[in-house]
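Reviewing the structure listed below.
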Amino acid sequence: MHEEVNDKTISLCIKGGKISGNILKAALKKLVSETGKQKQKIQTKNETKKVTKHGKQSIKKMVQDGSQLSNIEITDNNIKSFERVARKYGIDYSLKKDSSTEPPRYMVFFRAKDVDVMTAAFKEYAGISAEKEKKPKVSIRKKLQVAKDRAAQHREREKDKSKDRGQSL
């Protein structure tokens, strides 16, 4: 399946009465040169456009763009879940850790134009973190030990089986 995904198909249509290897070779050369020209056009368009990066960035890059920045403080150490939500909403943000306080605080800087999107993302993030707090915190090792104990009890029951078929001597 992996090979099927990586394969690419190119269709080439040639009009002619009798197609030889030389004609096919010339057509393929023209196809390659045309695709090269199209790539150059796309590259020149991208160079003329100012490409802005989205998602997590450094504060320096966000300031260079000239946009106004806003910030919100996060005290939770579960930053990865926030990053997932921010990527989902397409927010340009930067995380800054303030380790001078105990526990360390995290400042999230984002563009001022993204305020409405940012509030929606924070609502979803708050919901996710609240759900995580509701879940009982049972370690995987304890769950594994309970499963092993149940399996051991099950094996003991099987060993105690007797082959008494109701016949007496």
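Can you send over the solvent-accessible area of Glu133, 1.4 Å probe, protein chains only, in Å² to the nearest 10?
150 Å²
Suppose we keep just the alpha-carbon trace of the range 64-148; what are its Rg and Dmax in angstrom?
Just the Cα atoms of the range 64-148 yield Rg and Dmax of 16.6, 60 Å.
Residues with amide H under 5 Å of Ile74's amide H, sequence separation 5 or more or different chain, H placed in the peptide plane at 1.01 Å from N; which?
HN-HN under 5 Å from Ile74: Tyr106, Met107, Val108.
What's the extension gain from Leu69 to Ser81 if we count 0.36 nm per residue and subtract their Cα-Cα distance?
Length difference between fully extended and current span is 2.1 nm.
Apply the Karplus curve 6.51 cos²θ - 1.76 cosθ + 1.60, θ = phi - 60°, to the phi angles in the range 91-99 and return the couplings in whole Hz, x for Gly and Pro.
With coefficients 6.51, -1.76 and 1.60, one gets 8, 8, 9, 9, 9, 10, 9, 9, 8 Hz.
Counting other C-beta atoms within 10 Å, and keeping those with at most 15, which DSSP coil trypsin sites (Lys or Arg not before Pro) do you find in the range 115-147?
Qualifying residues, ordered by number: Lys137.
The values are calculated or read from the model by the stated rules, or taken from the named source; none is laboratory data. All values reported here derive from a predicted model rather than from experimental measurement. Virtual Cβ from ideal backbone geometry, glycine too; neighbours counted across all protein chains shown. Ligands, DNA and RNA are excluded from the accessible area calculation, which covers all protein heavy atoms including side chains. Shrake-Rupley method; radii C 1.70, N 1.55, O 1.52, S 1.80 Å.
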